[in-house]
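The values are calculated or read from the model by the stated rules, or taken from the named source; none is laboratory data. From a predicted model like this one, the values you see are computed outputs, not experimental measurements. Glycine also receives a Cβ, built like all others from the backbone with ideal geometry; neighbour counts cover every protein chain displayed.
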Amino acid sequence: MHKKLFIPGPVEVKPDVLAKMSTPMIGHRSKDASGLQKRISNKIRQVLYTEEEILLSTSSGSGLMEGAIRSCTMKKAAVFSIGAFGKRWYEMGLANNVATDMFEVPMGKPTPLEQVDEVLETNKYDLITITHNETSTGVMNPLEELAPVIAKYDDIIWCVDAVSSAGGSKIEVDKLGIDICITSTQKALGLPPGLAICTFSKKAIARASQVTNRGFYLDLLALYEYIQKRDYQYPSTPSLSHMFALDYQLDLILAEGLDNRFNRHIKMAELVRDWARNNFALFADENYLSNTLTAIENTRQIDLAKLNKELGERGYQISNGYGSLKDKTFRIAHMADCTIGEVEDLINNINDVLNL
């Protein structure tokens with residue numbers, strides 16, 4: 001029996017979107033392939049409110065995260081971590097021989113504006129990474145508040161991990177001044193895993209051109225230069241199947257209306273939050289709650305493995321806490337094409353299993 005997924009990703013994918021992945025192959029050096037990538041780029045620009053170039057990578061979002069920190073750091077990278085995925089960016093920097101420092105906060109808290117200001121004021125760093133939506137803790141960082149602080153420092157390349165938020169929460173890339181905004185297909189965009197996407201600003205292009213060892217497959221400047229020279233073709237063989245599905249899904253997203261889509265995510269989040277407050281407790285700071293995933297404190301000390309087993313028998317799946325938060329928290333994702341009615345069904349089933 002298929003379990004309806006309410007986990008941080010992969011997410012449920014609509015049958016018509018899945019079907020697009022079986023579209024017959026085309027040559028990846030054909031005009032049709034150029035047209036496909038061009039259409040995707042133009043639609044992603046609308047979703048991310050940008051006029052900058054769009055890069056695709058046949059990888060998870062982690063691929064472009066690694067590509068960003070390696071391609072655009074000359075002096076030193078400052079990684080601001082609010083959970084497991086900020087730490088991953090730090091580890092990527094070290095593994096690629098990029099000078100990198102990490103600045104952490106207690107789990108469940110956002111990145112403090114004062115911390116960012118103090119760190120950048122030292123003039124040691126020329127790249128900064130921020131996790132927009134941390135799925136390990138359910139925190140959504142306040143990009144609108146961080147933007148004016150980062151904008152004070154002209155030489156900073158600002159990279160944002162929006163892997164679990166883009167397409168489900170409004171991110172006005174150009175207005176905020178984000179240089180590289182990264183996402184991937186298997187979360188709020190509502191597709192299978194396997195394709196990553198990022199914006200690439202003129203400022204980031206200029207920086208990357210000064211960095212000598214940018215790697216090969218994940219060299220963002222090479223991706224950029226190739227699509228300029230070859231009329232929107234990918235330098236190596238891309239996952240055309242994902243691209244067919246993404247092209248189709250972006251039409252559906254834009255047809256729903258971006259504000260409608262973002263508001264639907266907020267309503268689903270509010271439904272889960274209200275239930276969690278009444279029956280458990282929210283893990284994240286109340287002022288910085290994610291719109292795509294809710295982390296819930298296991299205040300009743302329920303057996304989460306048993307709960308998920310029983311939910312699985314009913315056709316649902318949620319997620320245990322991540323890493324050190326396992327069994328201390330559990331997580332309910334509400335993103336992509338999930339509906340309010342489906343979230344209500346899930347909650348009713350949890351209530352029934354737990355006798356709430």
Item to check | Residues that are under 22 Å from A208 (Cα atoms) and part of a loop (DSSP other than H, G, I, E, B), drawn from the range 123-136 | outcome: N123, K124, Y125, D126
Checklist outcome for this item: Note on the range 217-249: residues of a type in the set (A, V, I, L, M, F, W, C), surrounded by fewer than 22 Cβ atoms within 10 Å (Cβ to Cβ) and closer than 10 Å to K20 by Cβ are F244
Next on the checklist: Just the residues that are part of a loop (DSSP other than H, G, I, E, B) and surrounded by fewer than 24 Cβ atoms within 10 Å (Cβ to Cβ), please, taken from the range 142-180.
Outcome noted: P142, K152, Y153, D154, D155, I156, K170, E172, G177
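Table: residues versus (1) surrounded by 15 or more Cβ atoms within 10 Å (Cβ to Cβ); (2) of a type in the set (S, T, N, Q); (3) not assigned by TED's automatic domain parsing to the domain that holds A166.
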| residue | (1), (2), (3) |
| --- | --- |
| L282 | yes, no, yes |
| T294 | yes, yes, yes |
| R314 | yes, no, yes |
| R331 | yes, no, yes |
| E344 | no, no, yes |
| N348 | no, yes, yes |
Item to check | Hey, T73 in contact with a strand residue (DSSP E or B) (Cβ under 9 Å, 6 or more places away or on another chain), modelled with pLDDT of 95 or more, part of a loop (DSSP other than H, G, I, E, B) and not small (G, A, S) or not | outcome: yes
Checklist entry - part of a strand (DSSP E or B), closer than 30 Å to P235 by Cα and modelled with pLDDT of 95 or more, is that true of L55? => result yes
Checklist entry - Do we have L191 as on the phi < 0 side of the Ramachandran plot and either in contact with a strand residue (DSSP E or B) (Cβ under 6 Å, 6 or more places away or on another chain) or crowded, with 24+ Cβ neighbours inside 10 Å (or both) here? => result yes
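Test P24 against the criterion of being at pLDDT 95 or above, within 23 Å of the chain's Cα centre (by Cα) and surrounded by fewer than 18 Cβ atoms within 10 Å (Cβ to Cβ), and give yes or no. Steps first, answer last, please.
Values: at pLDDT 95 or above: yes; within 23 Å of the chain's Cα centre (by Cα): no; surrounded by fewer than 18 Cβ atoms within 10 Å (Cβ to Cβ): yes.
The answer is no for P24.
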Checklist entry - Restricting attention to the range 333-342, and to residues there that are surrounded by 21 or more Cβ atoms within 10 Å (Cβ to Cβ) and among the aliphatic types (A, V, I, L, M), which single residue is nearest to G138 (Cα to Cα)? => result A333
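Scan G67, G93, G86 and give me the residue that is closer than 30 Å to F216 by Cβ and free of Cβ contacts under 8 Å to residues at least 40 places away in the same chain. Don't jump to the end; show me each part of the working.
Details: G67 fails: free of Cβ contacts under 8 Å to residues at least 40 places away in the same chain; G86 fails: free of Cβ contacts under 8 Å to residues at least 40 places away in the same chain.
Only one candidate qualifies: G93.
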Next on the checklist: Of everything in the range 260-280, what is closer than 14 Å to I332 by Cβ, in contact (Cβ under 8 Å) with a residue 60 or more places away in the chain and buried (at least 20 other Cβ atoms within 10 Å of the Cβ)? Give them in sequence order.
Outcome noted: H265, M268, A269, V272, W275
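Can you tell me which of T50, T58 is farther than 19 Å from D174 by Cα and of a type in the set (S, T, Y)? Write out each step before concluding.
Working: T50 fails: farther than 19 Å from D174 by Cα.
Exactly one residue qualifies, and that residue is T58.
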Checklist outcome for this item: Those residues of the range 212-250 which are part of a helix (DSSP H, G or I), of a type in the set (D, E) and closer than 13 Å to S41 by Cα amount to D247
Checklist entry - Considering only the range 81-94, how many residues are surrounded by 24 or more Cβ atoms within 10 Å (Cβ to Cβ) and touching a helix residue (DSSP H, G or I) at 6+ places or on another chain (Cβ under 8 Å)? => result 2
Item to check | Only one of A222, A305, A295, A255 that is among the small types (G, A, S) and closer than 30 Å to C72 by Cα | outcome: A222
Next on the checklist: One residue is enough: does the range 183-191 have a residue meeting the conditions within 21 Å of the chain's Cα centre (by Cα) and in a helix (DSSP H, G or I)?
Outcome noted: no
